[in-house]
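**Student:** Dropping the structure in here first, questions after.
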Amino acid sequence: MRTTVLALLILLGSLPAAHADRDYPWCVVGDDLVWPGECMYETREQCMWSASGRWDTTCDINPRVRFKQQQLQPGPKKSQPRR
């Protein structure tokens, strides 16, 4: 019984993590982390608390969120010449 439970826990632990349905706005970034970092923080404060206990890490805006914001900003309206 213990062997079965242990095998099940090992199997479940080896499965890939579920993909988030949304992009969190803040990421912990640093030399030891793969780009774009750990992007799982709703607020900058949460991100800073997580980064505070690690060597050479900081917080930055999630690049996916930053890119989406740039796409959503309306550009200057082009005026059409009157006829």
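**Student:** For region 60-70, just list the computed ³J(HN,Hα) in residue order, Karplus coefficients 6.51, -1.76 and 1.60, θ = phi - 60°, integers in Hz, with x standing in for Gly and Pro.
**Tutor:** 8, 5, 4, x, 5, 5, 4, 5, 5, 5, 5
**Student:** Taking R0 as 22 Å, what's the FRET efficiency between Ile10 and Glu45 from their Cβ-Cβ distance, rounded to 0.05? Each step should come with its number before you reach the end.
**Tutor:** Values: r = 36 Å, r/R0 = 1.62.
The computed FRET efficiency comes out at 0.05.
Where a number appears in this text, it was derived from the coordinates with a stated rule and is not lab data. For clarity, every value in this text was computed on a predicted model and none was experimentally measured. Don't worry about glycine lacking a Cβ; one is built from the backbone with ideal geometry, like all the others, and counts go over all protein chains shown.
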